[in-house]
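Right, one structure below, let's go through it.
Derivation of every value follows stated rules applied to the coordinates shown; laboratory data play no part. Here the structure is a predicted model, which means the values were calculated and not measured. Here the Cβ is made from the backbone with ideal geometry for all residues, glycine too, and neighbour counts use every protein chain on show.
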């Protein structure tokens, strides 16, 4: 099943949107993680659509085929929250099952905590935020921010010699990745390089810089505590697990928990059938 592709303007950004089965009885909105793309959800989205759901996946700002922020701008979680708050009504979505992976899960959690009035359910796929930092690191972090942004502005994009190099990079970061998955994602996460030579990743290089903001668990706890909707947390026993995971989960009022054995961070690539089944089960129960 091939999705419909479109660009939807929200919060000044042209968001690349994929939609499967637009007439489905319930709506899932799938939010990808850091440096990932909407197409990464293909194997989950197709299964949800086959089960009768409408499925929407989109590229966050500065990712995939969505707009970059442009000169003088930067990427903050507050921007993602506002993007999502404007993107949902732009897509005619009033009720939805929001699913976020990794960074996308963090953004979804912040949105749900900010808008507890919106009728949604939330699934966080290893999306409980990055490790927490104290405020003492902020002066050094601001210095790193200045240096890294200037370095990106002055540097040439790294050019991969061919598509195979992109596939190899993904496979090295995700041992055991099926070749068909890696190749499919690599084809859509890259574009031709300068003058048509080689390939470059589609994401804005600014994402590779040091954010000036130190992530603070105490602040994130407040957002988690404001989430009124049922929330499913999905993780892999070999994935990205935080030392304070339990404390963060305890802030969620209506929590369901699923752990996949023998699975790492990219659950939607390695276990799409099982993940889709859990999403459908949770949606039916709520």
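The table below lists the values:
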{"item": "Relative contact order %, the chain, counting alpha carbon pairs below 8 Å whose residues are six or more apart", "result": "19"}
{"item": "Considering only the chain, percent of DSSP beta bridges that pair antiparallel, nearest 5", "result": "40"}
{"item": "Estimated distance in nm for a label pair at residue 273 and residue 246, the labels positioned 7 Å out from Cα along Cα-to-Cβ", "result": "3.4"}
{"item": "Exposure proxy order (Cβ contacts within 10 Å, fewest to most) of 67, 276, 154", "result": "154, 67, 276"}
{"item": "For peptides 217-224, 263-270, 143-150, 41-48, sequence by mean Cβ density within 10 Å, most packed first", "result": "41-48, 263-270, 217-224, 143-150"}
{"item": "Packing-based order for 186-195, 105-114, 204-213, using average beta carbon neighbours within 10 Å, highest first", "result": "105-114, 204-213, 186-195"}
{"item": "Alpha carbon convex hull of the stretch 12-53, projected area averaged over orientations, nm²", "result": "3.5"}
{"item": "Mean projected area (nm²) of the alpha-carbon convex hull when the stretch 20-105 is viewed from all directions", "result": "5.5"}
{"item": "Two-site FRET efficiency, residue 286 against residue 165, from Cβ-Cβ distance with R₀ of 51 Å, rounded to 0.05", "result": "0.75"}
{"item": "Convex hull volume per residue for the stretch 135-192, taking Cα atoms only, in Å³", "result": "124"}
{"item": "For the stretch 1-154, fraction of C-alpha pairs farther apart than 28 Å, in %", "result": "22"}
{"item": "Compactness relative to 2.2 N^0.38 Å, alpha carbon Rg of the stretch 136-286", "result": "1.32"}
{"item": "Additional length obtainable on full extension of the chain from residue 95 to residue 50, 0.36 nm per residue less Cα span", "result": "14.2 nm"}
{"item": "Å³ per residue enclosed by the Cα convex hull of the stretch 76-188", "result": "176"}
{"item": "Label-point separation in nm, residue 238 to residue 117, each point 7 Å along Cα→Cβ", "result": "4.6"}
{"item": "Using a Förster distance of 22 Å, the FRET efficiency for residue 222-residue 9 (Cβ separation, nearest 0.05)", "result": "0.10"}
{"item": "Size of the stretch 216-263 as Cα extents on the principal axes (Å, biggest first)", "result": "32, 23, 10"}
{"item": "Ratio Rg/Rh, restricted to the stretch 162-235 and using Cα atoms, in which Rh is the Kirkwood radius", "result": "1.15"}
{"item": "Distance between modelled label sites at residue 259 and residue 140, nm, 7 Å Cα→Cβ extension", "result": "3.2"}
